[in-house]
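Every number here is computed from the coordinates shown, using simple stated rules; none is lab data. No experiment lies behind these values; they were computed from the predicted model shown. Heads up, the Cβs are rebuilt from the backbone with ideal geometry, glycines too, and the neighbour counts pull from every protein chain shown.
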Amino acid sequence: MSRARIKVLGANELVAVDVNIVTNTITIKDSVLSANDIQFDTPITGTVFGTLLNYKGALDRLGDTVNEKPYNSPPIAPVLYIKPANTFNWYGAAIPMPAGISRLEMGAALGLVIGKQAVAVDEENALTYVAGYTIVNDVSVPHDSVYRPAVQHKARDGFCPIGPWIIDRQEVDNPDDLTIRVFINDKLQQENSTSNLIRSVTRLLADVTEFMTLSPGDVLLVGVPEDAPQAQIGDKIRVEIAGIGSLVNVIVDEKEFKWSGTI
Amino acid sequence: MRKARIAYGGAIHEAIEWEGQLKLNDGRLVEESKVTWLTPIEPRTVFALGLNYADHAAELAFAAPTEPLVFLKGPNTFIGHQAYTRRPADVTYMHYECELAVIIGKTARNVKREDAYNYVKGYSVANDYAIRDYLENYYRPNLRVKNRDLGTPFGPWIVDAVDVADPMNLKLTTHVNNELVQEGTTADMIFDIPALIAYLSSFMTVSENDVILTGTPKGSVDTAVGDIVVTEVEGIGRLVNTIIGDESFINR
């Protein structure tokens, strides 16, 4: 059992619960509930910042092109992006497949949920600013060039499922050694580990907060491993992070989202 | 009407411009110099445009884009009128960018160009500072350049859309220490306001209090600690900012 917090649809506050990440169940008072029987909401109240090229393999994929146009040299500072509010999505929900697009990348990311205002923190103390960890599926329309910001590829509605819960920081011994797996229709499609990060969790927090304050409720994604698997309409996606849990979503044609207006 | 959010007397108030003073919602009249100006709205998703004026693109030796160059900004970077922006000691080129800010008023998805203005609540002014030393060619311009704490003055107020006859024909100016350094007109935008709303809403839902910073014309000049930078959009507002140095921050 691990201590965690969840947000249930319709509730105003996060609720403290015990979760069993193996059985995917939650204990509240005396009841044991399957995660699939709970209508989760996004457990996030702030801004979600993503980090590009923070897995060694992801940078390796660019190879020598980092020295060629348009990049001209390898990245120095963390390369960040924002997953805006319209992208927020939750456990069990559908990810809309935009019209005219047939495949989406499933970006499996460990999310650091900030617990107190973090300004220019040093590596030694960085983890004390983390309230806990969550799982984020940083969905993207596949794109090869990382020269210009990928708003059109990364900021579409529903492209940021988060959850199912926030595992308390104290439950995780070493965030730099967590196995990450992506399953599509229950078949393993990707396996990697946060041990392959270029900037460790604490280094990343230090380098980011040097110029940008992180506030309680913000989430910093540590990165997406190379070779993100692609999925299509009808696929069930499960992003699993050891010690954190499993985030499950399905991909649905956006035309089936009647509430989102004229498509 | 011109509406501001300000702090006064230990609380946050909404206020309107009233014969050269501010009238708080509770009826008090106060001098502008007596309040702390906050951003005129609490911004939700903020889009910013790069290279949206042909003369500025040329100045930076870029061809004009064929599709809007959009990046996003987070809440940490915004400050109000009469505030302070930090210039780190190690940088050699930090410049202001005077921009018309478009504030969205209602949920927009797949909006047609001809309907776009129906989704605008009002306008304001932003100064989208950039530190060119930190530019790298990954998701350029990246957050270290464009989303720094204190890096984006925004205000002083929101001017209701109905009070702006033609937002595509407004003069933009920047003065540094009273000297004119940047001058342009919104008429020279490559992608105009309706085009930007149509473009963004074509692939995502845009909502109330989302903001579009529409880009800056040419005239980028380095600034120094102590400079008073005034970005102004004709009929919208005059946004004052002061550059401060590392010495103002005792812990780093």
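The table for this structure:
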{"read-out": "Computed label-point distance, nm, for sites B:F249 and A:L127 using a 7 Å Cα→Cβ extension", "value": "2.6"}
{"read-out": "Using distinct alpha-carbon pairs, which all enter the 1/r mean, Kirkwood radius of segment B:39-248 in Å", "value": "16.9"}
{"read-out": "Residues B:S202, B:S248 arranged by fewest to most Cβ contacts within 10 Å", "value": "B:S248, B:S202"}
{"read-out": "Only Lys, Arg (+1) and Asp, Glu (-1) charged, at Cβ; segment B:167-252 dipole about Cα centre in debye", "value": "100"}
{"read-out": "Chain B: calculated mean residue ellipticity at 222 nm from DSSP helix runs of at least 4, using -39500 (n - 2.57)", "value": "-2000 deg cm²/dmol"}
{"read-out": "For segment A:1-106, alpha-carbon Rg relative to the globular expectation (2.2 N^0.38 Å, N residues)", "value": "1.50"}
{"read-out": "Debye log10 I(q)/I(0) for the protein assembly as shown, one point scatterer per Cα, at q = 0.08, 0.09, 0.11, 0.12 Å⁻¹", "value": "-0.51, -0.65, -0.97, -1.15"}
{"read-out": "Largest-first ellipsoid semi-axes for segment A:88-215, taking √(5λ) over the Cα gyration tensor eigenvalues, angstrom", "value": "27, 18, 15"}
{"read-out": "Cβ-based exposure ranking for B:H56, B:H175, in which fewest neighbours within 10 Å come first", "value": "B:H175, B:H56"}
{"read-out": "Convex hull volume per residue in cubic angstrom - Cα atoms of segment B:18-102", "value": "165"}
{"read-out": "Ellipsoid semi-axes in whole angstrom, largest first, where each is sqrt(5λ) of the Cα gyration tensor of chain A", "value": "27, 24, 17"}
{"read-out": "Stretchable slack from B:R238 to B:N209, in nm (0.36 nm times residue separation minus alpha-carbon distance)", "value": "8.4 nm"}
{"read-out": "Footprinting exposure proxy for B:D149, B:D160 (fewest neighbouring C-beta atoms within 10 Å first)", "value": "B:D160, B:D149"}
